[in-house]
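Colleague: This is the structure I want to talk about, given as structure tokens.
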Amino acid sequence: MPLIYRLLLALLCSFVFQPANAQEQVRVGVYVNDVPQFDLTTNSFTIDAVIWFRWSDPDYDPATTMEFMNPFQGWDGARTPTFEQPEQLDDGSYYQTVRYQGQFASRMPLTLYPFDSQTLQVVMEDVHANVDEQIYVPDAEPVVISPSLGLSDYVIKGARLDVAEQTYATGFGDTSLKGLETCSRATLSIPLHRPSVTYGIKVLFPILVILACAALALWLHPGHSEARVGLVVTSLLTLVAFQLTSLPQVNYIIMMDWMFFLSYLYVLGTLVQVVRSHWIIRSRDEDMAVGIDRQFFWVISAGFIAMSVLVLVLSARA
């Protein structure tokens with residue numbers, strides 16, 4: 001076969017059998033420098049982090065095509081690349097880091113407050129490539145937390161970077177798509193655990209002290225009606241004030257709300273018994289009123305303990 005035909009055949013084969021574009025693997029990692037703001041009522045937090053990327057295609061820059069999927073206020077973030085152009089490393093790969101400071105939205109359920117745990121999440125996707133073109137791969141050490149980082153109410157344990165495929169149930173109006181759009185998604189998760197013993201004492205112990213003060217009215221002589229009523233009413237007002245100042249302001253019922261409801265019933269029941277004993281000593285003997293007070297104290301206290309345990313168990317299973 002003449003040389004000219006061989007060249008033409010080789011050129012034709014290069015077009016016909018041209019291999020598809022290889023899937024680009026982008027290694028990604030995050031250094032969490034600080035979490036300066038953390039708001040349970042708005043389900044948002046502010047993070048200061050450095051995100052790094054490492055890849056092999058010189059015509060591709062994942063640091064510029066990465067987009068955050070859960071910004072709380074998208075206009076409020078500061079995104080600063082370290083290098084004007086990606087740096088080429090000794091192994092031939094390309095490298096870029098981006099420092100981002102901004103707010104993110106993350107669900108923070110408080111149903112089990114003060115025994116709740118939260119997870120701060122930062123979700124990232126490449127908006128210009130699907131999984132056939134590019135995927136994220138966690139680096140060897142994908143998440144590093146600054147040793148100086150600390151939150152007053154929580155302890156950080158087990159931060160991780162998870163990568164998964166995200167398929168959207170729409171083509172977003174793009175008629176050139178042959179199927180549903182599937183992208184590679186990287187999610188930074190920072191689990192937070194509240195010190196249960198510390199917060200249990202801070203929130204539950206004052207309630208028990210208030211209830212003990214109310215219960216003392218049942219141990220006063222039934223003849224001191226004014227002092228007994230004043231003690232119970234004062235305990236009730238203190239309980240209301242403590243609920244308004246100690247609980248997070250959310251628009252749903254949390255576990256501690258149920259504990260306060262039970263406490264209100266306890267104080268109300270005590271007040272009813274105080275009034276009842278007052279009428280008993282006016283028509284019968286004082287010893288009978290004292291005995292009824294003591295019996296009522298043990299019954300209502302046992303009922304409060306049983307219902308409190310039930311609330312804790314049901315909340316933990318929910």
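The values are calculated or read from the model by the stated rules, or taken from the named source; none is laboratory data. The structure presented is a predicted model; accordingly, all values stated were derived computationally and were not measured. No Cβ is skipped: glycine too gets one built from the backbone with ideal geometry, and neighbour counts run over all protein chains shown. Accessible surface areas use protein heavy atoms only, side chains included; no ligands, DNA or RNA. Shrake-Rupley method; radii C 1.70, N 1.55, O 1.52, S 1.80 Å.
Colleague: Test of understanding: extend the Cα→C-beta vector of E84 to 7 Å, then name every residue of region 48-75 with backbone N under 14 Å from that spot.
Modeller: What the label zone holds, given the 14 Å backbone N cut-off, is no residue at all.
Colleague: What accessible area per residue, rounded to a whole number of Å², is obtained for the chain using a probe radius of 1.4 Å? Can you show the working numbers first?
Modeller: Working: 18310 Å² over 318 residues.
That works out to 58 Å² for each residue.
Colleague: Same structure again: What number comes out for the charge environment of V232, summing +1 per Lys or Arg and -1 per Asp or Glu over other residues with Cβ under 14 Å away?
Modeller: Values: positive: R228, R276; negative: E226, D293.
So the environment of V232 carries a net charge of 0.
Colleague: First compute the accessible area of region 218-318 with a 1.4 Å probe, then give the percent of it belonging to carbon and sulfur atoms. Present the calculation step by step, with values, prior to reporting the outcome.
Modeller: Working: 4180 of 5970 Å².
For region 218-318, the apolar C and S fraction of the accessible surface comes to 70 percent.
Colleague: Which FRET efficiency value, to the nearest 0.05, do you get for V137 and Y199 by plugging their Cβ-Cβ distance into 1/(1 + (r/R0)^6) with R0 = 41 Å?
Modeller: Values: r = 39 Å, r/R0 = 0.94.
It comes to 0.60.
Colleague: Continuing with this model, one more query. Hey, how many Å between the Cα centroid of region 228-249 and the Cα centroid of region 65-124?
Modeller: 43 Å
Colleague: With 22 Å as the cut-off, how large is the P(r) tail for region 185-318, expressed as percent of Cα-Cα pairs? Walk me through the intermediate numbers first.
Modeller: Values: 4129 of 8911 pairs.
Counting pairs separated by more than 22 Å, the tail of P(r) holds 46 percent.
Colleague: For the chain, the longest stretch holding no trypsin sites (Lys or Arg not before Pro) located in a DSSP loop with at most 15 other Cβ atoms within 10 Å is which?
Modeller: Details: sites that count: R107, K157, K178, R284.
In the chain, the maximal stretch lacking such sites is 1-106.
Colleague: What is the calculated FRET efficiency for H128 to I253, with r their C-beta to C-beta distance and R₀ = 41 Å, to the nearest 0.05? Intermediate values should be presented prior to the final figure.
Modeller: Details: r = 44 Å, r/R0 = 1.08.
Calculated value: 0.40.
Colleague: Once R0 is set to 25 Å, what does the formula 1/(1 + (r/R0)^6) return for the Cβ-Cβ distance between Q101 and S189, expressed as a FRET efficiency to the nearest 0.05?
Modeller: Numbers: r = 19 Å, r/R0 = 0.77.
According to the calculation, E is roughly 0.85.
Colleague: Once amide H atoms are built 1.01 Å from N in the peptide plane, which residues 5 or more positions from S44, or in another chain, come under 5 Å H to H?
Modeller: For S44, whose amide H was placed from the backbone, the distant partners under 5 Å are D39, S106.
Colleague: Pulled fully out, how much extra length does the chain show between M307 and S148, if you take 0.36 nm times their separation in residues and subtract their Cα-Cα distance? Numbers along the way, then the final one.
Modeller: Details: separation 159, 0.36 × 159 = 57.24 nm, distance 4.22 nm.
Here the segment from M307 to S148 would lengthen by 53.0 nm.
Colleague: Please name whichever of G223, Q96, V311 sits farthest to the positive end of the charge dipole of the chain, dipole taken about the Cα centre and charges placed at Cβ: Lys and Arg +1, Asp and Glu -1.
Modeller: Positive-most Cα among the choices belongs to G223.
Colleague: Give me the dipole magnitude in Debye, nearest 20, for the chain about the Cα centre, with unit charges on the beta carbon: positive for Lys and Arg, negative for Asp and Glu.
Modeller: On the way: 18 positive and 31 negative charges, 335 e Å.
Computed about the Cα centre, the dipole is about 1620 debye.
Colleague: Continuing with this model, one more query. Select one label from (i) 53; (ii) 56; (iii) 66: the one whose number is percent of Cα pairs over 25 Å apart as derived from the coordinates shown.
Modeller: It is the one labelled (iii).
Colleague: Now a separate question. Find me the longest stretch of the chain that has none of the exposed chymotrypsin sites (Phe, Trp or Tyr not before Pro), where exposed means in a DSSP loop (not H, G, I, E or B) with at most 14 other Cβ atoms within 10 Å.
Modeller: On the way: sites that count: F17, F83, Y168, F172, Y252.
Counting at most 14 other Cβ atoms within 10 Å as exposed, the longest clean stretch of the chain is 84-167.
Colleague: Where the only charges are on Cβ atoms (+1 Lys, Arg; -1 Asp, Glu), what is the dipole of region 56-205 about its Cα centre, to the nearest 20 debye?
Modeller: Numbers: 9 positive and 21 negative charges, 247 e Å.
For region 56-205, the charge dipole is close to 1180 debye.
Colleague: Enter the angle in degrees (range 0 to 90, nearest 10) between the Cα long axis of helix 286-317 and the first principal axis of the Cα atoms of the chain, meaning the one along which they spread out most.
Modeller: It is inclined by approximately 10 degrees.
Colleague: Points 7 angstrom from Cα along the Cβ direction at V233 and H221: gap in nanometres?
Modeller: 2.3 nm
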